Amino acid sequence: MAAYGSDSEPEIEYEDKAFAVGPWTLTARVIAELPLDVLFDLENKRDEISGQRAWPGSLLLALTVDRKPELVAGRTVVELGAGGGLAGMAAAKAGASSVALTDGDARCLGLLRDNVEANGLKETCAVSRYAWGGAGAPAPAEV
């Protein structure tokens, strides 16, 4: 496990996890399981951690991309609120021509960059900060 520094106490622990998505194994650094008292402390401080977790919905979307690669193959894809980037990285593996992985939380950006590099996707995936509805929207995408 690795710990990323934060202004919040207690320090949040991260772990590298492997996710089987069709023929691929995607590696993602995500927040480790936290005891309930730590989760409550973070919530009381209004410390956002949701984007640093691997959500079942992102895995389901990644599996959908695996089963229907024609949705993304050869296309430009953007993942808004990417968190760990599982769905976007699956799109890259399924043949997307480029993938923009975006998140509004600066802490997620470091995780996204680590995850893109760990999966050998730096040529296809670009990471940038974007908060939904904010200025500086990512380039237009097909998916």
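What does a probe at Ser97 reach in the range 62-84, counting residues whose amide N is under 13 Å from the point 7 Å along Cα→Cβ?
72-77
On the accessible surface of the chain, probed at 1.4 Å, how many percent belong to carbon and sulfur atoms?
Roughly 53 percent of what the probe reaches on the chain is carbon or sulfur.
For Cα extents along the principal axes in Å, the listed values are (i) 51, 35, 22; (ii) 86, 30, 28; (iii) 45, 36, 23; which was obtained by calculation from the structure presented?
The value matching this structure is (iii).
With every protein chain left in place, what is the accessible area per residue of the range 21-123 in square angstrom, probe 1.4 Å?
50 Å²
If you restrict to DSSP beta bridges whose two residues both lie in the chain, what percentage is antiparallel, to the nearest 5? Kindly include the intermediate steps, with their values, before the conclusion.
On the way: 10 of 19 bridges.
Of all bridge pairs located within the chain, approximately 55 percent are antiparallel.
Compute the distance in nm between two label points, each set 7 Å from the Cα along the Cα-to-Cβ direction, one at Ser50 and one at Glu33.
Between Ser50 and Glu33, the simple spin-label model gives 2.3 nm.
Run the dipole for the chain about the Cα centre, Lys and Arg Cβ at +1, Asp and Glu Cβ at -1, nothing else charged, and hand back the magnitude in debye, nearest 20.
Computed charge dipole of the chain: roughly 700 debye.
Give the cross-link partners of Lys68 among the lysines, using a straight C-alpha distance below 26 Å as the criterion and excluding same-chain residues fewer than 8 apart.
Partners found: Lys17, Lys93, Lys122.
The values are calculated or read from the model by the stated rules, or taken from the named source; none is laboratory data. Not measured: the values here are computed from a predicted model. Positions of Cβ are backbone-derived with ideal geometry, glycine not excepted, and every protein chain shown enters the neighbour counts. With ligands, DNA and RNA removed, areas are computed over all heavy atoms of the protein, side chains included. Shrake-Rupley method; radii C 1.70, N 1.55, O 1.52, S 1.80 Å.
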